[in-house]
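Colleague: Next up is a structure, given as structure tokens.
The values are calculated or read from the model by the stated rules, or taken from the named source; none is laboratory data. Nothing here was measured: the structure is a model prediction, and the numbers come from that model. Neighbour counts are summed over all protein chains in view; Cβ atoms, including those assigned to glycine, are modelled from backbone coordinates with ideal geometry. Just the protein is used for accessible areas: all its heavy atoms, side chains included, with ligands, DNA and RNA removed. Shrake-Rupley method; radii C 1.70, N 1.55, O 1.52, S 1.80 Å.
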Amino acid sequence: MTSGGRRNRSGPGADPKSRTSERRGYSLQALPNEGYADEVPAFPLPAVAVMRWESEGKRRYQVRDDEATQARHERELALWEQVWTYPQACAWSMEPWRWPTVAMYVRTFVVCEGSDATAADKGSLHRFADQIALTPAGMRENGWAIAAVEVGAGAPPAAPSDGADGGSDPATGDEVGQRRTRRRMRD
């Protein structure tokens, strides 16, 4: 067993807003919130043969189910197109070495949609999602953040809370919120 040294996810993650991160030059790469709109690369994995059981007397054997194989591959291709619309795809497009991992995520997702998916399949799906930054933890690990949505000039402004709904506006009425705001301004 190894000891000492930095490990993935050991201890608290770096806070991009801290002074230490600022000194180190650590910041998150902003990904466009509107997603990826360029050309989608070809799916890099071959179609997986789907097999079915047949029997002849007492003998049982598996045969390739061409219809199910085609249906599964079409689902993989549709999901591949879908994930390439996500903001993370902007970063993937610059990292062709990551495309097989994205494809394995897609393949595992399709497997997990079926009723014969195992707990191991679902665990693998989560690990792939982390690797390609489809989870909040994966986004932090990769140093990515999705850019905030900017409210357009035509959008109605948010109504300030009067506290009746359980919330309050820190700038106008919440004493704790005002103290936090002053502390942030001081720092």
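Colleague: Among (1) within 25 Å of Gly35 (Cβ to Cβ); (2) at pLDDT below 95, which single condition is Leu77 missing?
Modeller: That leaves (2) as the condition not met.
Colleague: Another question, then. In the range 96-123, how many are modelled with pLDDT under 95, open to solvent by less than 40 Å² (accessible area, probe 1.4 Å) and either among the polar types (S, T, N, Q) or assigned to a loop (DSSP other than H, G, I, E, B) (or both)?
Modeller: Going through the range 96-123 one residue at a time, the tally reaches 2.
Colleague: Separate question: Evaluate the following for Ala71: is it hydrophobic (A, V, I, L, M, F, W, C) and either within 16 Å of Leu134 (Cβ to Cβ) or touching a Ser or Thr at 6+ places or on another chain (Cβ under 7 Å) (or both)? Full working, then the answer.
Modeller: Details: hydrophobic (A, V, I, L, M, F, W, C): yes; either within 16 Å of Leu134 (Cβ to Cβ) or touching a Ser or Thr at 6+ places or on another chain (Cβ under 7 Å) (or both): no.
No.
Colleague: When you look at Arg140, is it surrounded by 13 or more Cβ atoms within 10 Å (Cβ to Cβ), farther than 22 Å from Ala42 by Cβ, within 15 Å of the chain's Cα centre (by Cα) and modelled with pLDDT under 95, yes or no?
Modeller: yes
A quick yes/no check of all residues on (1) at pLDDT 90 or above; (2) open to solvent by 80 Å² or more (accessible area, probe 1.4 Å); (3) within 25 Å of Ser93 (Cα to Cα):
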{"position": "Arg7", "(1), (2), (3)": "no, yes, no"}
{"position": "Leu28", "(1), (2), (3)": "no, no, yes"}
{"position": "Asp65", "(1), (2), (3)": "yes, no, no"}
{"position": "Ala68", "(1), (2), (3)": "yes, no, no"}
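Colleague: If you go through the range 16-25 one residue at a time, do you hit one that is surrounded by 12 or more Cβ atoms within 10 Å (Cβ to Cβ) and modelled with pLDDT of 90 or more?
Modeller: Within the range 16-25, none of the residues are surrounded by 12 or more Cβ atoms within 10 Å (Cβ to Cβ) and modelled with pLDDT of 90 or more.
Colleague: Do we find that Pro87 is open to solvent by less than 30 Å² (accessible area, probe 1.4 Å) and within 23 Å of Ala148 (Cα to Cα) in this structure?
Modeller: Working: open to solvent by less than 30 Å² (accessible area, probe 1.4 Å): yes; within 23 Å of Ala148 (Cα to Cα): yes.
It is true that Pro87 is open to solvent by less than 30 Å² (accessible area, probe 1.4 Å) and within 23 Å of Ala148 (Cα to Cα).
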